[in-house]
1. Would you point out the residue of the stretch 447-464, among those that are open to solvent by 10 Å² or more (accessible area, probe 1.4 Å), among the hydrophobic types (A, V, I, L, M, F, W, C) and part of a helix (DSSP H, G or I), that is nearest to residue 292 (Cα to Cα)?
2. Any idea which of 262, 197 is of a type in the set (D, E, K, R) and either at pLDDT 95 or above or touching a Ser or Thr at 6+ places or on another chain (Cβ under 7 Å) (or both)?
3. Mind listing just one residue for me: the one in the stretch 556-578 that is in a helix (DSSP H, G or I) and more than 24 Å from residue 626 (Cα to Cα) and, of those, most open to solvent (accessible area, probe 1.4 Å)?
4. How many residues does the stretch 275-311 hold that are under 12 Å from residue 458 (Cα atoms), among the β-branched types (Val, Ile, Thr) and in a helix (DSSP H, G or I)?
5. For the stretch 469-487, give me each residue that is touching a residue at least 12 places away in the same chain (Cβ under 8 Å), outside any strand (DSSP E or B) and open to solvent by 40 Å² or more (accessible area, probe 1.4 Å).
6. Name every residue in the stretch 260-294 that is within 21 Å of residue 666 (Cβ to Cβ) and open to solvent by 10 Å² or more (accessible area, probe 1.4 Å), in order of residue number.
7. Can you name the condition, by its number, that residue 522 falls short on among (1) modelled with pLDDT under 90; (2) closer than 23 Å to residue 728 by Cα?
Amino acid sequence: MSTILSRASGRLALAILLLLLFSAPVAAQHIIIDPPFPPPPPGPPVPGPIQIEEYRVEAHVDGPAAQVRVTQLFRNQSGQTVEGRFVFPLPPNAAVSDLQMRVDDQVLEGRLLPADEARAIYEQIVRQQRDPALLQYLGQGLFQTNVFPIPPGATRTVQFQYSQLVEQSGGLYHFRFPLRAQPAGMGSAAPVSLEVELVNQPGLRTLYSPNHEARVERTSDTSARVTMQSKAATQDPAFDLFWGVSEEAIGINILSYRPAGEDGFFVLLASPQLDVGETEVVARDIVVVLDVSGSMEGEKMEQARRAVDYIIDHLNAEDRFNIISFSTGVRLWSSALQPVNAETKADAHVWVSRLQAGGSTDINRGLLEGLAQLQTGEGAARPAYLLFFTDGLPTQGETDPWRILENARTNAPAQASLRLFTFGVGYDVNTQLLDTLSDELGGRSSYVLPEERIDEAVSQFYQGIQTPVLTNVTVDFGGEMVIDEQYPYPLPDLFAGEQLVVVGRYREGGRTSVTLRGEVNEATYVVEYPGQELVQAGGEPFVARIWANRKIGVLMEEIRRNGPDPELVDAIVDLSLQYGIVTPYTAYLVEEPNLAGPVMAPEGVPAMPGGEGGMGGGAPAGAPADMRPAAEAYAAAEAARMAEMPASGAPAVEASEAQNDFQAAVTVEDAEQMRYVSGKTFVRQGMVTGPQGEMLEFWVDTAYRSEYGLSWVLFGSDAYFALAQDPAMAAWLSLSPEMVVVLPEGQAIRITTSEAAVSQQPVPQTSATPVAPLPTPAPAEGTAPSEETESGWGAFWSWLWDEVIR
């Protein structure tokens, strides 16, 4: 077959591909198909025989050159031998000379299809197989090869390799790999295991993946290893990795996005070099305050001792420290802060080993004693870190949480730059007190759940703050740039091995000079970064979601403190709907129990799921539901419920952790029932039955309102592909053949597979301008006629036999 492919014309290769594709649905990234011959008559699609059992991606990036190797293990689950084709969309700048396909130990030939032929193939696949996910690849090159026949129950390892130059824009390199790995009609897909190794990157500073929680291992100042394990059948279209290089000790990079007619969004990344000299490390005063009340007895006390021992062992040479325990009373290891040396560390370890649990919980006294330590001695202006651990509610001394808070405010050191980090151990802690203390006094709160180990949680936290290199950090975008709604504010310290992520909004884009300021051991640090750009239009849409996540976290905190203000609740709903972010106040949007099962309306018209309380809400057949009214009602009820929630207990800790996660968000992943695509959010409103009895997901643009008119467009029609000529529209249409998308002019378009539904719809009476179908470009030479130009399957098989096979 490889010989045939290498010498066949474009028409023959396309015809063979189409012949094979008719028997099973296809995948957006790769296509493994079962091609029985002669082809059966069309009918409902059946599950494919191939299951992906392993999916591994290894990328080696040396300077700007990337070598990418993809390994997949396929198993034939059927009882017959199958043969198929492998089709893979290539990056625009992939090096053709390095393409290689290996099946087990055999290297197979293939051919690279040019963009126009690839587009024609994609359009034909989309029409026949109803797989709009392929639309996102229109216009790219396509690589195709024969896959070795797979006997029943056997496996084949397919390895595919290509090279490309990693593009750089705005000082950032950007590597992308497509992840849409769940082929329609196939068995369950394995999770994607991905590793990107960066080498020869002089001045490597910032590293950022916005859509996946990747593990970053910085191996040197010129190299790093990034690993990611995706969920099975991931819905994320791609894995993105950005990195920046800089000659400065601290590198910064900016990603931005500005939708039409709106203010822009930015993400600023700041990261120091990995190798930091002793003189570049900020000297601190550190006080550990540990709850040793009776509730800490047993294994918790053992873990707490090991946690404090870890902190002692990892103090920096110029730090000063002290340790305080509290229960009914207070005990101090030392009367004053002590320098770090072998003698003081050994003595502190002995003192910690003798700590025993017992007594009540005097949080107020323990907290005030720790703050008092930071007001005395020479160098009191140094950054001061207070790490406060408790597993209980105040039961001794001052027990009113808000008086404890006021006492801490009053007694916080005036000269020192204070960071108060609170740790709540277990569920029996006052989350509102701990959250407010850390938020107002420069730190953050953390919680150790009952099933977690205290020593492991604390050591992981302390690794992140072990080596401060810049304190009192500020960022200036220049006098002409108006920056709004920046999070976090004020900025935290910058630590070696960690990355500061700042988000915000800007009025007008353009090039500017960004200035980073801070302090290193009471000396002022100022570096200017010229040539930074905030885009005037377009950019990276995910940036808006990172900003929206953090703003939602701030709003959630405000609601917890001050009660369910309707304006704050509505603001959360707005952000959730616009940017596709599920919050405790908008969880209704993704709750399947609120949706009735799939139904089919009379005369072949697909109907929206209805049902009492469901999002369909009795909407007309095939019509979308306006999500806002139900979402607002749910959010108001949830806000009222959370306002009555006690400050302690498992629900309170979970709420606090959720709030903290939103405020510190650096990545955003789609929820199962929501998708954020090219600046738009869609919610899955159930399933509809397709023309061949298959079940199709129904997705609705959250911008849709019930007063909008609908312009109905048949999936796979000339009008459909005319819409798909626009890249943004092609990305939106890639979700499903059953969907609603709202154009900026306020016009709603209903895409459907049902000819009956389209023919029965009247022309909408709306002030918005209806969508005028654009002419579809003529298919590339050698492509098969579509169903619109030939009468049914008989005509197609006649064409195939007369023009190709015979």
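The values are calculated or read from the model by the stated rules, or taken from the named source; none is laboratory data. Keep in mind the model is a prediction, meaning the values are calculated, not measured. Methodologically, a virtual Cβ is constructed for each residue, glycine included, from the backbone with ideal geometry; neighbour enumeration extends over all protein chains shown. Keep in mind that these areas ignore ligands, DNA and RNA; they rest on the heavy atoms of the full protein, side chains included. Shrake-Rupley method; radii C 1.70, N 1.55, O 1.52, S 1.80 Å.
1. Initial filter on the stretch 447-464 (open to solvent by 10 Å² or more (accessible area, probe 1.4 Å)): 447, 449-453, 455-457, 459-461, 463-464.
Checking the rest, the ones that are also among the hydrophobic types (A, V, I, L, M, F, W, C) come to 449, 457, 461.
Next, from what is left, pick out any that are part of a helix (DSSP H, G or I): 457, 461.
Working: 457: 18, 461: 21 Å.
The selected residue is 457.
2. 197
3. 562
4. So the answer is 2.
5. Of all residues in the stretch 469-487, those touching a residue at least 12 places away in the same chain (Cβ under 8 Å) come to 469-478, 480-487.
Filter once more, so that each one left must be outside any strand (DSSP E or B): 477-478, 480-482.
Passing the criteria: 480, 482.
6. Answer for the stretch 260-294, where residues must be within 21 Å of residue 666 (Cβ to Cβ) and open to solvent by 10 Å² or more (accessible area, probe 1.4 Å): 273, 274.
7. The failed condition is (2).
Quick grid of which residues meet (1) at pLDDT 90 or above; (2) of a type in the set (A, V, I, L, M, F, W, C):
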residue: 629; (1), (2): no, no
residue: 655; (1), (2): yes, yes
residue: 663; (1), (2): yes, no
residue: 690; (1), (2): no, no
